[in-house]
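Colleague: Below is one structure. I have some questions about it.
The values are calculated or read from the model by the stated rules, or taken from the named source; none is laboratory data. Everything quoted here is computed from the prediction, not taken from an experiment. Positions of Cβ are generated from backbone atoms using ideal geometry, with glycine treated the same way; all protein chains shown enter the neighbour counts. Just the protein is used for accessible areas: all its heavy atoms, side chains included, with ligands, DNA and RNA removed. Shrake-Rupley method; radii C 1.70, N 1.55, O 1.52, S 1.80 Å.
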Amino acid sequence: MTSNRFIPINKPMIGREEINAVIKVLTSGMLTDRAGSGKNVTEFENAYAKYIGSKYALAVNSGTAALHSSIMALGIGPKDEVIVPSFTFVSTAEVVAISGAQPVFADIDPQTYCLDQESVRKAITSKTKAIIPVHLYGLTADMKPILEEAQKKGIAVIEDAAQAHGAQYMGQMAGNIGDLGCFSFYASKVITTGEGGMVTTNKKELAETIRMIRDHGEGSGYSPAMLGYNYRMPEMEAAIGIVQLSKLPSFLEIRRRNAKILSEELNGISELELPIEPKGYKHSWNVYTVRLKGARAGRRNKVVQKIREKGIGAVVYYPTPIHLTPYYMKLYEGKRGDLPETERASNQVFSLPVHQSLSKEDLEYIIETLKRILS
Ligand SMILES: *Cc1c(COP(=O)(O)O)cnc(C)c1O
């Protein structure tokens, strides 16, 4: 281990196959998908739907586009409310705000860091149109009680599975549990196409609507039937995605093994609360997130800084919950104390690399460094 080496929190693993697939697209001259003309996009969608077990999969050009087209397809707009966690990437709330609807922030379970059912139940009003559980760090939210409550009240459920490719909940694949599943293929996710996204669903009408939304609301010709965007995925990305998806099972296996080693070896550090994988859940281990028990943000930040100085890309996801960030705080009158578990977690957690590019030496170095800094 040389001192100028840095182990990033995530690292795309791109091989010869991805490179060849992109060259093939580039030399074919057919660079993007338009009205189903993209061979690679269609193949990627079919393979993704098959993997998730959903009837439909629609490729788009980011995870944010996946979430936004889902919100649009459900007809959500001004005067509607959508329940989201505040402890997530801003995208989850952003797509609600863009639609003109109100993001309503619910608190999290302190052990899974995902939406807490009790807090969700309290946040439901007659205006609630959807709930977006986020499968944070790669562990799914406890979907059963959320789905039961949603079904009782006619509320849609959109899974934000941007970090949870291949994660499972009670035998079901993440993204195939709610009405719609949204994935991201950004460079730091479990599999990547550089930028990219996917919506999965079993509902024909939603699938057809999203197919139109991603292409300017056009069914055919230059005659938009509804409001849309340019959310199309380029063929180069789809070609990378096909190869990455074929590698996903092996990536997940390596991540699982790395997480197991980290958990066994970090278990002795009393100040650390390690991530859990409850019975019936299967983690995708996008990152390995620990909590510094009882710590204030200052202490946590110092520990993270020390780890980074040693060449390990520890990152805090997310240091400021969305309801306390300037824009959302002002717009939705968020204040400190609104979401105690969310705020506590944002002060205490940090994430470590667990990805498929880690060598045995990298893992050992991460473990030794943490032991040295924390005991
Ligand atoms: C990455 C991510 C997104 C957004 O995906 P992009 O592809 O970057 O637009 C949304 N939600 C969560 C939880 C994410 O981690």
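Colleague: Of the conditions (1) surrounded by 14 or more Cβ atoms within 10 Å (Cβ to Cβ); (2) more than 18 Å from the chain's Cα centre (by Cα), Ala49 satisfies every one except a single condition; which number is it?
Modeller: The number of the failed condition is (2).
Colleague: So, in the stretch 18-27, how many residues would count as being touching a residue at least 40 places away in the same chain (Cβ under 8 Å) and open to solvent by less than 80 Å² (accessible area, probe 1.4 Å)?
Modeller: 4
Colleague: Something else: Identify all residues within the stretch 58-83 that are small (Gly, Ala, Ser), more than 10 Å from the ligand (Cβ to nearest atom) and buried (at least 24 other Cβ atoms within 10 Å of the Cβ); write none if there are none.
Modeller: Selection gives Ala59, Ser69, Ser70, Ala73.
Colleague: Among the residues of the stretch 28-44, count how many are open to solvent by less than 40 Å² (accessible area, probe 1.4 Å) and either over 12 Å from Arg232 (Cβ atoms) or polar (S, T, N, Q) (or both).
Modeller: 2
Colleague: Still on this structure: Quick check on this structure: which one of Pro319, Pro234, Pro275 is modelled with pLDDT of 95 or more, open to solvent by 30 Å² or more (accessible area, probe 1.4 Å) and closer than 17 Å to Asn347 by Cα?
Modeller: Pro319
Colleague: Within the group Gly298, Gly294, which residue is without any contact (Cβ under 8 Å) to a residue 60 or more places away in the chain, in the same structural domain as Phe350 (by TED's automatic domain parsing), in a loop (DSSP other than H, G, I, E, B) and loosely packed, with under 14 Cβ neighbours inside 10 Å?
Modeller: From the options Gly298, Gly294, the qualifying one is Gly294.
Colleague: I've got another one for you. Can you name the residue in the stretch 186-223 that is under 16 Å from Asn46 (Cα atoms) and of a type in the set (A, V, I, L, M, F, W, C) and is also surrounded by the most Cβ atoms within 10 Å (Cβ to Cβ) among such residues?
Modeller: Of everything passing the filter in the stretch 186-223, Val199 is surrounded by the most Cβ atoms within 10 Å (Cβ to Cβ).
Colleague: Among the candidates Gly197, Gly219, single out the residue that is in contact with a Gly (Cβ under 9 Å, 6 or more places away or on another chain), among the small types (Gly, Ala, Ser) and more than 26 Å from Phe350 (Cβ to Cβ).
Modeller: So the residue among Gly197, Gly219 that is in contact with a Gly (Cβ under 9 Å, 6 or more places away or on another chain), among the small types (Gly, Ala, Ser) and more than 26 Å from Phe350 (Cβ to Cβ) is Gly197.
Colleague: Check whether at least one residue in the stretch 116-125 is within 28 Å of Glu273 (Cβ to Cβ), within 14 Å of the ligand (Cβ to nearest atom) and not hydrophobic (A, V, I, L, M, F, W, C), and report yes or no.
Modeller: no
Colleague: Condition first: of a type in the set (S, T, N, Q), within 21 Å of Val243 (Cα to Cα) and more than 12 Å from the ligand (Cβ to nearest atom). Now tell me which residues in the stretch 164-222 satisfy that.
Modeller: Selection gives Thr200 alone.
Colleague: Turning to a different aspect of this structure: Any residue in the stretch 190-208 that's in a helix (DSSP H, G or I): show its pairings with residues that are surrounded by fewer than 23 Cβ atoms within 10 Å (Cβ to Cβ) and hydrophobic (A, V, I, L, M, F, W, C) at Cβ separation under 8 Å, as long as the two are six or more apart or on different chains.
Modeller: Final answer for the pair search is Leu206/Leu74.
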